[in-house]
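First the structure, in the form of structure tokens, and then the observations on it.
The values are calculated or read from the model by the stated rules, or taken from the named source; none is laboratory data. Note that the coordinates shown come from a computational prediction; the quantities given were computed from them, not determined experimentally. Positions of Cβ are generated from backbone atoms using ideal geometry, with glycine treated the same way; all protein chains shown enter the neighbour counts.
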Amino acid sequence: MSMLHLVNKSPYENNNLSTASSIMQGGDELLLIEDGVYGAVKAGKASAMLEGCTVSVMGPDLAARGISEDKLADGVNVIDYNGFVELVEKNDKVQSWL
Amino acid sequence: MKLTIQVNEGPYQHQSADSAYYFAKAALEKGHEIYRIFFYHDGVNNGTRLTTPPQDDRNIVARWSELAQQHDLDMVLCVAAAQRRGIVDDGEAERNGKDATNIAPGFRISGLGQLIEGGVQSDRLVVFGD
Amino acid sequence: MAEETKKFMYINRKAPYGTIYAWEALEVVLIGAAFEQDVSVAFMDDGVYQLAKGQDTSGIGMKNFSPTYAALGDFEITKIYVEKESLEERGLTLDDLQHLVWEDEDEDWAEKDSIRLVSRAELGEVLAGQDVLFNF
């Protein structure tokens, strides 16, 4: 039993990433989409919340926002929409932190 | 995998309608089944055919209609949410005495039970919102 | 053959009135009650404000839907999780929230509390045990 957690807002706008990362269980995965991708930038304070989490980030959303992959926190996987579908399939439920 | 997708926001205002579309498209291309796409809250605005975006922008509503036609998708606008926001089909126009309809091809208006049923019948519910 | 019963969880994280999410989420919970699934509702982050006592919307022209939460027990929705950290962070205690109860048919309709005050860690475990998570 594992859960895919979706976060689509910047951690500098609201507490969605903070809530998600603090409630995740072992084996869960986190996927940052839309403005959520700002949370994966290594130099940003919020990236500390990703420690210990398995994190993926939507490549098309990164590119749209001008964030190059070398700016990301260590261990973050960059995926596309196919990868998104695969994560939904791999985990047995999805929680969108809206 | 059988999926139900819930879309909580209208087009253009939020990226969620775009994310939901690209996710649905990828899932279909990978051979998964989409049991239903349920539009709730301002998400019902994805289903008005009166949308007229500038020519150099994507047409989110038409894009949904095409996807529905290609894959025979069940795209449902919540009736309570649609009534509040003025999305009308023939049945709603007649019931509520409206002089026009604006529902886009491929969409239908139905009750919230359709969302719950999607949760019951599908392997996954994926929610896109604000 | 009876249909499979799933564990449904409705998660509320938004305050009422400022946006419609809380009200339309409650509509889903009420409709969903007819489907005989194993239903839970959680209130966390700003969602805890939805259960605040003493809501009076007469000055803003909106419907006060807060009394509906007290009717959830009649719809056999008896598992209402409220996150402790979210209350504390906002300077609230359970006394600031409506007292929600349900009547237990198996114990001669004894009135029981619906609200279960849980820590974030405990809520995490509750979420992990669900099948379908609804968010608004």
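At-a-glance table
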{"read-out": "Number of the exception - C:TRP102 against (1) over 27 Å from A:SER96 (Cα atoms); (2) surrounded by fewer than 19 Cβ atoms within 10 Å (Cβ to Cβ)", "value": "(2)"}
{"read-out": "Condition met for B:LEU67 (under 12 Å from the mean Cα position of the chain (by Cα), of a type in the set (A, V, I, L, M) and within 14 Å of chain A (Cβ to nearest Cβ))", "value": "yes"}
{"read-out": "Candidate set from segment A:43-98 (those that are within 13 Å of chain B (Cβ to nearest Cβ) and assigned to a loop (DSSP other than H, G, I, E, B)); member that is surrounded by the most Cβ atoms within 10 Å (Cβ to Cβ)", "value": "A:LEU98"}
{"read-out": "Only one of B:ASP18, B:ASP74 that is surrounded by 15 or more Cβ atoms within 10 Å (Cβ to Cβ), under 18 Å from A:VAL85 (Cα atoms) and of a type in the set (Asp, Glu)", "value": "B:ASP18"}
{"read-out": "Scope segment C:48-77; condition of a type in the set (Gly, Ala, Ser) and outside any helix (DSSP H, G or I); matching residues", "value": "C:ALA52, C:GLY54, C:SER58, C:GLY59, C:GLY61, C:SER66, C:ALA71"}
{"read-out": "Selection within segment B:39-59 - surrounded by fewer than 20 Cβ atoms within 10 Å (Cβ to Cβ) and under 27 Å from C:THR19 (Cα atoms)", "value": "B:ARG49, B:LEU50, B:THR51, B:THR52, B:PRO53, B:ASN59"}
{"read-out": "Identity of the residue in segment B:10-46, within 23 Å of A:GLU89 (Cα to Cα) and in a loop (DSSP other than H, G, I, E, B), that ends up farthest from the other protein chains (Cβ to nearest Cβ)", "value": "B:GLY31"}
{"read-out": "Members of segment A:44-98 that are touching a helix residue (DSSP H, G or I) at 6+ places or on another chain (Cβ under 9 Å) and hydroxyl-bearing (Ser, Thr, Tyr)", "value": "A:SER47, A:SER56, A:SER68, A:TYR81"}
{"read-out": "Pair list, Cβ < 8 Å and 6+ apart or interchain, from segment C:22-39 residues that are among the aromatic types (Phe, Trp, Tyr) to residues that are surrounded by fewer than 18 Cβ atoms within 10 Å (Cβ to Cβ) and assigned to a helix (DSSP H, G or I)", "value": "C:PHE35/B:GLY113"}
{"read-out": "Selection count where residues are in contact with a helix residue (DSSP H, G or I) (Cβ under 7 Å, 6 or more places away or on another chain), in a helix (DSSP H, G or I) and either away from chain A (no Cβ under 14 Å) or not small (Gly, Ala, Ser) (or both), scope segment C:95-126", "value": "2"}
{"read-out": "Matching residues in segment C:56-83 - criterion: being more than 21 Å from C:TRP102 (Cβ to Cβ) and touching a Ser or Thr at 6+ places or on another chain (Cβ under 6 Å)", "value": "C:ASN64"}
{"read-out": "Cβ pairs under 8 Å, 6+ apart, first in segment C:92-121 and modelled with pLDDT of 95 or more and aliphatic (A, V, I, L, M), second part of a loop (DSSP other than H, G, I, E, B) and surrounded by 11 or more Cβ atoms within 10 Å (Cβ to Cβ)", "value": "C:LEU100/C:SER114; C:VAL101/C:SER114; C:ILE115/C:HIS99; C:ILE115/C:LEU100"}
